[in-house]
Amino acid sequence: MKNNSLRGRSIVIGITGGIACYKSLDLIEELRKNGANVHIIMTESAMHLAGIKDFEKASGNEVQTSLFHPKVDYADYIKKNKPIKHISLADIADLFLVCPATANTIGKIANGISDDLLTTSITATIAPVLICPAMNVKMWKNPITQENVSKLRKLNYHFVEPEYGELACGYKGIGRLAKLDKITERVGLLITQRNDLKGKKILVTSGATFEEIDPVRVITNRSSGKMGNAIAEQAYLRGADVLLLRGHNSTEPHYNINEEKFTTVNDLFNKIKKYLKNTDIIIHAAAVSDFEVNNKEDKKIKSRQELHLELAPTTKILENLKKLNKRIFLMGFKAEYNFSKDGLTNSAYNLLKSANADLIVANDVGKENAGFDVDTNEVFVVDKGKKVEHIRLSDKKVVADRLLDIIIKKIQ
């Protein structure tokens, strides 16, 4: 099956100690036919079941088996500033493929255990990781295995599920390695996705603004920045040139993303204006204060006295962005509290029209597990034609990926 998306891409394949490991030889051949560069890591258990030389011949590269190469003087290695093997494999990968994946390896990855070259490399990579399980049916159905798979899915690891059939152990059931064409197709899709925002400059805002009452006290909100950060991370992983503007108290992104911090609404707006001309897409997820204090003090206000604050509306950042740069693709966010679906989508559409935005993402922060400072979200995405796409309650990384999918469809 011809797949042009694989040409010139580097795929690192982890071969673990499952009886299906010999099937990966045909997979490697197919990937190379499609132009991929293939690098192999074999675990110690895999080496008891298959020959290293077969995999070296199939891949055209030396098979890596250990964190510590027996012929390398590591003191000299470090002095000469050579790349450390598991980091270099992690860096070159456009995709990490574990095929076959045993219950043991799945468990290690799910629980952050990095005790061999394969698991250490996976811990160090920012490439997508595709896991293709193959094992005894009882091992696959074991609740611990299923819990580990579920945990990894939530962390945005990808799976090609095992299939039903005769197993090498004599059992019949779910546990056979998926068909190789199915795995190859999924590899192609993930690599395409990893590069589908390449060349795009994306500015993401996240977290809360702070408006001073005095040098100690502020007006703010409960935004943690988790949703905006997740969007920035997923855009970065999909090849975009990302700039993240985040509030000082927001959570930090997991990757080495270019970022600047903001405090007030005006500070955020000025930073956006600085980069606006050289930006293709703005995803404005920051929770911006609606009010600033007119009568703020330059000294700490004494306590135990009545305090009357004079509040004035702040600049509506979202509604000014298209006025400053008509060509940008603009996604904004609208948070409401205890709204019906219709009320939520109508509110989002009204904001979309007033801001001339391309998409508005609406969520009800009064709904359990979909508000501030949680790891999940449920959103409704409204476009200019008032078409609504519902993203059900999911991990914010999953929601972020879905939002980027929607943007890509709109800009193609």
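The values are calculated or read from the model by the stated rules, or taken from the named source; none is laboratory data. Values in this document were obtained by computation on a predicted structure and should not be read as measured data. All Cβ positions, even for glycine, are placed from backbone atoms using ideal geometry, and neighbour counts span all protein chains on display.
A search for C-beta distances below 9 Å between a residue of segment 176-192 that is farther than 17 Å from A93 by Cα and any residue that is of a type in the set (F, W, Y), counting only pairs 6+ apart in sequence or on different chains, returns R176/Y164.
The helices (runs of 4 or more DSSP H) falling completely within segment 6-86 that include 1 or more residues that are at pLDDT 95 or above, under 30 Å from the mean Cα position of the chain (by Cα) and among the β-branched types (V, I, T) map to 24-33.
Of all residues in segment 190-215, exactly one satisfies the criterion of being in contact with a His (Cβ under 9 Å, 6 or more places away or on another chain) and under 21 Å from L25 (Cα atoms), namely L190.
Scanning segment 130-142 for any residue that is aliphatic (A, V, I, L, M) and part of a helix (DSSP H, G or I) turns up at least one such residue. Taking segment 215-310 as the region of interest, the strands (runs of 3 or more DSSP E) fully inside it that hold 3 or more residues being surrounded by 17 or more Cβ atoms within 10 Å (Cβ to Cβ) and outside the structural domain of I92 (by TED's automatic domain parsing) are 241-247, 281-284. Candidates in segment 318-353 are the residues that are hydroxyl-bearing (S, T, Y) and not in a helix (DSSP H, G or I); of these, the one that is nearest to the chain's Cα centre (by Cα) is Y337.
Here Y164 fulfils each of the conditions (1) of a type outside the set (V, I, T); (2) modelled with pLDDT of 90 or more; (3) not in a loop (DSSP other than H, G, I, E, B) apart from (2).
Within segment 131-151, residues that are over 15 Å from K108 (Cα atoms) have Cβ atoms under 6 Å from residues that are acidic (D, E) and surrounded by 15 or more Cβ atoms within 10 Å (Cβ to Cβ) in no pair, counting only partners at least 6 apart in sequence or on another chain. Note on segment 199-231: residues that are hydrophobic (A, V, I, L, M, F, W, C), under 27 Å from F291 (Cβ atoms) and out of contact with any Gly (no Cβ under 6 Å at 6 or more places or on another chain) total 8.
Would it be correct to say that T205 is out of contact with any Lys or Arg (no Cβ under 7 Å at 6 or more places or on another chain), β-branched (V, I, T), touching a residue at least 12 places away in the same chain (Cβ under 8 Å) and surrounded by fewer than 18 Cβ atoms within 10 Å (Cβ to Cβ)? Here the answer is no, as T205 does not meet what is asked. In summary, I174 fulfils each of the numbered conditions (1) outside any helix (DSSP H, G or I); (2) buried (at least 21 other Cβ atoms within 10 Å of the Cβ) with the single exception of condition (2). For segment 348-373, residues that are under 25 Å from I411 (Cβ atoms) and not acidic (D, E) total 15. The set of residues from segment 145-168 being farther than 21 Å from T184 by Cα and hydroxyl-bearing (S, T, Y) comprises T145, S150.
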